[in-house]
Amino acid sequence: MAWKILIIDDESDIRSSLSGILEDEGYITLEAEDGEKGLGLLKEEQVDLVFLDIWMPKIDGLEVLRQIRLSQNSVPVVMISGHGNIETAVKAIKEGATDFIEKPLSLDKVLSVSSKIFELNNLKRENQILRSRLNSQTVQEITGESLVMQELKAQIARVAPTDAWVLITGENGTGKEIVAQSIHAQSKRAGNTLVALNCAAIPEELIESELFGHEKGAFTGADSAKIGKFELAHQGTLFLDEIGDMSLKTQAKILRILQEKSFERVGGNKSFKVDVRVIAATNKNLEEAIEKGSFRQDLYYRLRVFPLTLPPLRKRSGDIPLLIDEFIYQLSQEHGFTPLSFTPETLEMLEAYPWFGNVRELKNFVERMLILYPGQLVDINKIPSEYLIGNSNLKSTELNNPIKSEYGLNKFEELQISEGTEEDFKSARNAFEIRFLTRKLKEYNGNVAKLAEAIGLERSYLYRKLRSHNIQVD
């Protein structure tokens, strides 16, 4: 989408210069030589940004700004001031201007201001969508009547209205991001931005630029200045997912920002003050990481003001029928699927399955069933074989079913293997994971990315799991 920018200035060379700079970057520009014509264009056109000169004939820039705001137009306005007009420009900021630039115009400054405003515009649009989704879905998404979930929701309700930093721990797929969204939505900062960054998904050499932004020329490829996540989250919430994957070098910089509440962009020396609430999440045991020297103890205690631990789905299996109902409704609404239902015996079997991918895996399973059996009553015979392994609730008729599974065994033989050869839960789980992952990897021709998506696991977590079981990837 091309952003549309209105330039209101009585000097034709200023208008021409600004238009040339902006159009070279792909923006659409409109021009007005005075405030009256500018206000007229604002009534006719959907404009994304206004550059407005302070001193103009007929109506000066401050009066144009007031009329824009009186008309309930929230379009960002950047004032253009001469060297002697700084006090007036500051007054304009107080009256609702977004920023100001000085004459003579600097190409870098014009592009930097425009880029920052449009990044914030994008973020605001995303947050409007997010808040709408939060209002309609998040309360239902944190679903569960089990005691552990009731306590979790009570803790969220207690911490959300405060400004306390929160550390969320839990396995992959347990809903850490949803909890972070819920905390933000119930907080005093809900009207401002929620900015999320998955620390594990960003290469080490780029993560500082993502967090703190960078100045033009800070490194090869930095063709323009960029604002980082901390700056975008000012007066809002910053969600740092997979914080345990962050390097010690970056951890030290994060700690300094949290202590001093200021930072510098990469390649710059200007200090930016920042007011953010930090919510961090990890699937790692950070106390073990501290002992190994891979995570800073001081950062751990700085983040762990209010710890929240999300239970794995196998620890709240009684919530599975509620989650299934929610996902059937949600996915049917989003994708137009015809809702289905499960027999009581099938639900019992699904409650017994360990769901190592947690809520994410369950949601993927429900979507798969909606695609395969729209509008049908799903019994055990329709369930993929991997969800039958280790289940002790199958009826005798189903246990004696001679139909061979994908392992080449019937269901009862699989049951004997899963229940009779391991001495404890950990051994049984490891044996299951090895069989399951080996078979699924073969099914997806060694494509780890597709396999991770199919079974509801993060790719980085799946790679670690494959390595831990010495499963070779071609």
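Quick note: the coordinates plus some simple rules give every number you see, no bench work behind them. Predicted model, so just to flag it, every value in this text is computed and none were measured. Cβ atoms come from the backbone with ideal geometry, glycine included; neighbour counts cover every protein chain shown.
Helix 147-159 against the longest principal axis of the chain: what's the angle in degrees, Cα atoms only, rounded to the nearest 10?
Once rounded, the angle reads 10 degrees.
Taking only C-alpha pairs under 8 Å that are 6+ residues apart, what is the relative contact order of the range 117-309 in percent?
Once normalised by length, the contact order is 27 percent.
Relative contact order (percent) for the range 4-105, with alpha-carbon contacts under 8 angstrom and 6 or more residues of separation?
Relative CO of the range 4-105 lands at 24 percent.
Compute the signed sum of charges (Lys and Arg +1, Asp and Glu -1) over the other residues within less than 10 Å, Cβ to Cβ, of Lys109.
-3
Which lysines does Lys153 reach when only Cα atoms under 17 Å apart count, and residues fewer than 8 places away in its own chain are ignored?
Straight-distance partners of Lys153: Lys176, Lys315.
Classify the range 117-309 from the C-alpha gyration tensor, please: rounded if a/c falls under 1.5, else prolate or oblate depending on whether a/b exceeds b/c.
Oblate, since a/c reaches 1.5 and b/c is not below a/b.
In debye to the nearest 20, how big a dipole does the chain give about its Cα centre with +1 on each Lys and Arg Cβ and -1 on each Asp and Glu Cβ?
1100
Put +1 on the Cβ of every Lys and Arg and -1 on every Asp and Glu Cβ in the range 117-309; which of Gln181, Leu120, Leu240 then has its Cα farthest towards the positive end of the dipole?
Leu120
Starting with the fewest neighbours, write out Arg464, Arg296 ranked by other beta-carbon atoms found within 10 Å of each beta-carbon.
Arg464, Arg296
Could you pull out the GluC sites (Glu not before Pro) across the range 242-288 that fall in loop regions by DSSP (anything but H, G, I, E, B) with no more than 15 other Cβ atoms inside 10 Å?
Of the GluC sites (Glu not before Pro), not one in the loops of the range 242-288 has a Cβ with at most 15 other Cβ atoms within 10 Å.
How high is the relative contact order of the chain? Use alpha-carbon pairs under 8 Å, at least six apart in sequence, and give a whole percent.
11
For a quick protection proxy, order the peptides 147-155, 179-187 by their average other-Cβ count within 10 Å, most packed first.
179-187, 147-155
Here is the link list: Lys249/Lys292; Lys188/Lys253; Lys4/Lys109; Lys109/Lys273; Lys229/Lys273. Which ones come out longer than 23 Å on Cα distance?
Lys188/Lys253
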